[in-house]
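Shown next, in structure tokens, is the structure this report addresses.
The values are calculated or read from the model by the stated rules, or taken from the named source; none is laboratory data. Note that this is a predicted model, so its numbers are computed, not measured. FYI the Cβ positions are ideal-geometry reconstructions off the backbone, even for glycines, and counts take in every protein chain you see.
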Amino acid sequence: MPDSMGRGGGVRANTALVGYDEAVSRYDPLIGLETHVELGTTTKLFCGCPATFGGEPNTHVCPVCLGLPGSLPVPSRAAIEYTIRIGLALNCSIAEWCRFARKNYFYPDMPKNFQISQYDEPLCTNGWLDVVLDESEAGADGSPRTFRVGIERVHLEEDTGKSQHMGGATGRIHGADYSLVDYNRAGIALVEIVTKPVEGTGPLAPVVAHAYVTELRDLLRSLGVSDVRMEEGSLRCDVNTSLSPSGSLRWGTRTETKNVNSLRSVERAVHYEIERQAAVLDAGERVVQETRHFHEDSGITTPGRSKEEAQDYRYFPEPDLVPLAPPRDWVEQIRATLPELPSARRARLQQAWGITAAEMTNIRNAGALDLVEQTIAAGATQADARKWWLNELARRANDAGAELATLPITPSDVAAIAALVSSGALNDRLARQVIEGVLAGEGTPDEVVAARGLAVVSDDTALNAAVDEAIAAHPDVADKIRGGKVAAAANLVGVVMKATRGQADASRVRELILARLTDS
Ligand SMILES: [Zn+2]
């Protein structure tokens, strides 16, 4: 539910914090995550309007998603199928019979003033997802730690529209002159994935939250059910956090931090709430059950509205829709088409490539798994594929503030460049210039090599002239080599490389220098 109209329960002007290590030494954190995923179906959940992101305001609307009198919803088979796919991939049971429910509340971006959702009869229940914690959190034997997060439910509902508050400085409703409403998003199919309370994380609660959302995002992407873009809001996360005194058997009062919109922010939001709630409890006060907003810039949370209880919504079975009873053979057909899931794929590739868990974590964190796999498929060695994507290209993506996968260079380009290096036609320095040319749109690696004249010079005639010049310019170094100090040849190689702007074949240059100055 939208919540920019806040009521400030428990506002503190200067929020006191307890240092993180101290907080988790005296309190046990308990977290829970509710993730909303916009499905990538062609149409909205209950009408034929396009479910595409953006568009001119109020152009993707019809009587059904505007809630006009007399219109009736018809569920999208694709949305139900996608939800079942998600449920099966999360090891859930799929209901043999369930219903949609009407969730009643007034808000201007919800045209019907109720949301069709699922309440006590969700489509998928009682599953789990194993998440791998980053290498720094490795177990005693150095292997990555795996943490099993229970899944309470996966249900299907419709999204709301969007309000825009105009004329104020903050974009919030407070101080705005007027508000506009865009119903393009209203009625888009939304899946809500709710974890069970995640106990036993101890100090790792923020890390587990981060790892869970990361794994869930990868899983959803592999299922092809959503583009899972947090920045466009197609994956949105609410994080519940509570503390109880260490060893206590009672759960503390939780807060719900809304719409945390990056993986890193999920971790920071839990971290901050632990520090804040520890200070509240230390002062002998009660944690207020409320929703809170996370602020990306400062890393803090501030109070939103006091949390509604389920009874506030007056849920009842949706009278405009018949119950949903997915046939078992359909569920089994969907199960049979599930792809290899990301954790299994990572384990398989790690083994096939002979790399460590930490190296696989680096590839994954760089968003390079598909790219590395495709580069290897295009003929590169795993070492070359990792080297180019994780170093030179990751640096350039970082400089450009872009995702690695959006760089204008293909895995086959990278494989071609690696092949030119291993054949001796390019050295690493020239290869970096080829990458620069490809990224600048100068063509394929071969075209860039030709246009920029970047081939390694290994032709003896050209190299001998440069070697002679280097010897003539540094007679003292030449004398040392003549006197038996062969290691000094490296100095002259450097001079030749500089004179040829890095294009000489360094090992051939060394041979030519030694042939000139020694008996070898
Ligand atoms: Zn519509």
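For the range 428-461: of the residues being among the polar types (S, T, N, Q) and more than 34 Å from the chain's Cα centre (by Cα), which is modelled with the lowest pLDDT? Talk me through it step by step, then tell me what you get.
Just the residues of the range 428-461 that are among the polar types (S, T, N, Q), to begin with: 433, 444, 458, 461.
Narrowing further to those that are more than 34 Å from the chain's Cα centre (by Cα): 458, 461.
Working: Ser458: 71, Thr461: 78.
Restricting to residues being among the polar types (S, T, N, Q) and more than 34 Å from the chain's Cα centre (by Cα), the top hit is Ser458.
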>> Please go through the range 183-238 and give me each residue that is among the acidic types (Asp, Glu), in contact with a Pro (Cβ under 9 Å, 6 or more places away or on another chain) and assigned to a helix (DSSP H, G or I), ordered by number.
In response: Glu215, Asp218
>> For the range 165-179, give me the residue count where each residue is within 31 Å of the chain's Cα centre (by Cα) and in contact (Cβ under 8 Å) with a residue 24 or more places away in the chain.
In response: 3
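Residue-wise test of (1) within 16 Å of the ligand (Cβ to nearest atom); (2) among the charged types (D, E, K, R); (3) part of a loop (DSSP other than H, G, I, E, B).
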position: Leu45; (1), (2), (3): yes, no, yes
position: Glu56; (1), (2), (3): yes, yes, yes
position: Leu68; (1), (2), (3): yes, no, yes
position: Ala79; (1), (2), (3): yes, no, no
position: Arg85; (1), (2), (3): no, yes, no
> So which residues in the range 358-400 are over 19 Å from the mean Cα position of the chain (by Cα), small (Gly, Ala, Ser) and part of a helix (DSSP H, G or I)?
Replying inline: Ala377, Ala383, Ala385
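For residues that are aliphatic (A, V, I, L, M) and in a loop (DSSP other than H, G, I, E, B), scanning just the range 412-434, find the one that is surrounded by the fewest Cβ atoms within 10 Å (Cβ to Cβ).
Going through the qualifying residues, I end up with Ala425.
Kindly indicate whether Gly32 is more than 16 Å from the ligand (Cβ to nearest atom), closer than 26 Å to Val207 by Cβ and touching a strand residue (DSSP E or B) at 6+ places or on another chain (Cβ under 7 Å). Let's see the steps before the verdict.
Details: more than 16 Å from the ligand (Cβ to nearest atom): yes; closer than 26 Å to Val207 by Cβ: yes; touching a strand residue (DSSP E or B) at 6+ places or on another chain (Cβ under 7 Å): yes.
Against the criterion (more than 16 Å from the ligand (Cβ to nearest atom), closer than 26 Å to Val207 by Cβ and touching a strand residue (DSSP E or B) at 6+ places or on another chain (Cβ under 7 Å)), Gly32 qualifies.
For the subset of the range 16-29 comprising residues that are farther than 16 Å from Val207 by Cα and of a type in the set (D, E, K, R), which member is farthest from the chain's Cα centre (by Cα)?
Residues of the range 16-29 farther than 16 Å from Val207 by Cα: 16-19, 22, 25-27.
From what's left, of a type in the set (D, E, K, R): 22, 26.
Details: Glu22: 30, Arg26: 32 Å.
Selected residue: Arg26.
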>> It is to be established whether one or more residues within the range 87-98 are surrounded by 22 or more Cβ atoms within 10 Å (Cβ to Cβ) and either under 27 Å from Tyr183 (Cα atoms) or within 15 Å of the ligand (Cβ to nearest atom) (or both).
In response: no
